[in-house]
Amino acid sequence: MTNGQLYIVSAPSGAGKTTILKPVMADLPALSFSVSHTTRPPRAGEIDGQDYHFVNRADFTRMRNNHEFLEFAEVHGNLYGTSLKAVISQLDSGTDVILDIDVQGARQIKANKDIHPVTIFIVPPSLAELKKRLTGRATDTEETIRLRLENSLKEMASLDLYDHVIINDELDEAIEMVKAVILAARSRAKRNRSGLPVPEFIGS
Ligand code: ADP
Ligand code: 5GP
């Protein structure tokens, strides 16, 4: 069994990462989304166990002290972490896994010599458009939006950390580009579009 590939997707808040990843996940088989743990309160419409595992600080701290996170970080004043066990078991079963995590988390994983992620950074076409999207999403207070915009500028400075940078101007094009990166990684690992290994007679 070939191990799955780990993908890290990061973006300044509001750039459109969630909007892009939903159709990508729906279109490509053998691709699973790692549901993070967070101390952030759920937004309207978010489902516990699907969008995030919503936990309190005490539970998050207990998990962190038990080394249950592959990586964790404080982002915009809330704690976020990726379950080590969930990611490893999916990769071991041959499924590709997408992590939607911030730059700090990407750095931690890149420092781990046993893990070889393919990394993607999604950027908005402009700062003005990012502001418009954050405001238009209408899920955050003015103060939260201000904090997220401020952090966005810092995150943009880490662009060089990533293998691929995709501009989310036209949504359909950005979706196609993310899919293209995943399909290219599959072909590099001698797997087909669905993530299955190519038959053994090829190349023998
Ligand atoms: P993120 O997950 O990166 O924080 P979202 O996916 O929630 O961002 O997108 C933020 C807002 O921008 C949403 O209201 C979404 O509908 C909108 N949006 C996303 N991509 C585009 C795009 N290419 N053009 C216009 N609006 C977009
Ligand atoms: P949001 O609150 O908008 O869902 O996410 C805020 C930021 O936290 C985003 O940049 C998102 O990628 C990041 N994030 C979500 N889950 C994790 C995680 O498990 N680890 C890290 N490091 N960042 C995360």
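In region 33-42 there is at least one residue that is under 19 Å from GLY195 (Cα atoms) and within 15 Å of ligand 2 (Cβ to nearest atom). When restricted to residues that are within 11 Å of ligand 1 (Cβ to nearest atom) and either without any contact (Cβ under 8 Å) to a residue 24 or more places away in the chain or exposed (fewer than 15 other Cβ atoms within 10 Å of the Cβ) (or both), region 19-44 contains 2. Among the residues of region 71-113, just one is on the phi > 0 side of the Ramachandran plot and in contact with a helix residue (DSSP H, G or I) (Cβ under 6 Å, 6 or more places away or on another chain), namely HIS76.
From the set of residues in region 4-18 that are at pLDDT below 95 and either among the hydroxyl-bearing types (Ser, Thr, Tyr) or surrounded by fewer than 15 Cβ atoms within 10 Å (Cβ to Cβ) (or both), which is farthest from ligand 2 (Cβ to nearest atom)? Among residues in region 4-18 that are at pLDDT below 95 and either among the hydroxyl-bearing types (Ser, Thr, Tyr) or surrounded by fewer than 15 Cβ atoms within 10 Å (Cβ to Cβ) (or both), the one farthest from ligand 2 (Cβ to nearest atom) is THR18. Filtering region 106-146 to residues that are of a type in the set (A, V, I, L, M) and under 26 Å from LEU70 (Cα atoms) leaves ALA106, ILE109, ALA111, ILE115, VAL118, ILE120, ILE122, VAL123. For region 66-98, filtered to residues that are in contact (Cβ under 8 Å) with a residue 40 or more places away in the chain and near ligand 2 (Cβ under 7 Å from one of its atoms), the residue that is nearest to ILE182 (Cα to Cα) is THR82.
The values are calculated or read from the model by the stated rules, or taken from the named source; none is laboratory data. A quick note: this is a predicted structure, and the numbers were derived from the prediction, not measured. FYI the Cβ positions are ideal-geometry reconstructions off the backbone, even for glycines, and counts take in every protein chain you see.
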